[in-house]
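The values are calculated or read from the model by the stated rules, or taken from the named source; none is laboratory data. For clarity, every value in this text was computed on a predicted model and none was experimentally measured. Here the Cβ positions follow ideal geometry from the backbone for every residue, glycine too, while neighbour counts run over all protein chains shown. With ligands, DNA and RNA removed, areas are computed over all heavy atoms of the protein, side chains included. Shrake-Rupley method; radii C 1.70, N 1.55, O 1.52, S 1.80 Å.
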Amino acid sequence: MLLTLCLLLVPLPALAVNPDEVLKDPVLEERARGLSAQLRCMVCQNQSIDDSNAELAKDLRLLVRERIVGGDSDQQVIDYVVSRYGEFVLLKPRLSAKTVALWTAPALLLVIGAGAVFALTRRRATRAPEKLLTPEEQARLDRLLRD
């Protein structure tokens, strides 16, 4: 009984799609749900438009369904939304020169920094230790300390 109570209290994901948004054709609705799961809510930012209750998310869901009913392919719908809202609207960004640079820059900077530290420590280790005082200065210091 305790297990049943715990399972009832576990929050389940609530999809924000309203019944009036659902397409009559189940195949088209499935496509719309699939596309909506790939698009980021610009208000919530960490939710898909399928999961968000924001007005902008609702507008985007309707736009996706409108484009699908209009005969657009999945890629055409995604391209259209990206052209209006930018790459940030995609929950999984496309592989491009920008994204490769974004993901490789930290590793590259780490390697450059490690190389610089290594070069500096090697240079210091190979350098001969410098004498701080000349023999005349050392002799004078010794005389002063004896007095």
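Worth a mention:
- For the chain, with all protein chains in place and a probe radius of 1.4 Å, 63% of the accessible heavy-atom surface sits on carbon or sulfur.
- The length gained by stretching the chain between Glu55 and Ala114 to full extension, at 0.36 nm per residue less their Cα-Cα distance, is 16.4 nm.
- Of Gly71, Leu91, Leu110, farthest towards positive along the dipole that unit charges on Lys, Arg, Asp, Glu beta carbons give the chain: Leu110
- Residue-averaged [θ]222 nm for the chain, counting only DSSP H segments that reach four residues, each worth -39500 (n - 2.57): -19500 deg cm²/dmol
- Listed residue (Leu35, Gln45, Val100) projecting farthest to the positive dipole end of the chain, Cβ model: Val100
- Accessible surface for segment 58-137, divided over its residues, is 79 Å² per residue with a 1.4 Å probe.
- Cross-link reach list, aspartates and glutamates versus Lys58, counting only Cα pairs under 20 Å and skipping chain neighbours closer than eight places: Asp20, Glu21, Asp25, Glu29, Glu30, Asp50, Glu66, Asp72, Asp74, Asp79, Glu87
- In the chain, the longest principal axis of the Cα atoms and the axis of helix 74-85 are about 60 degrees apart.
- Neighbours of Val117 by Cβ distance under 14 Å: Lys/Arg scored +1, Asp/Glu scored -1, total +3.
- Charge dipole magnitude, Cβ of K and R +1, D and E -1 - the chain, Cα centre, debye nearest 20: 980 debye
- Two-site label geometry, Glu130 and Gln76: point separation in nm, points 7 Å out along Cα→Cβ: 7.4 nm
- Between segment 71-127 and segment 39-60, the alpha-carbon center distance in angstrom: 25 Å
- Spacing of the two label points (7 Å from each Cα toward its C-beta) at Leu90 and Ala107, in nm: 2.0 nm
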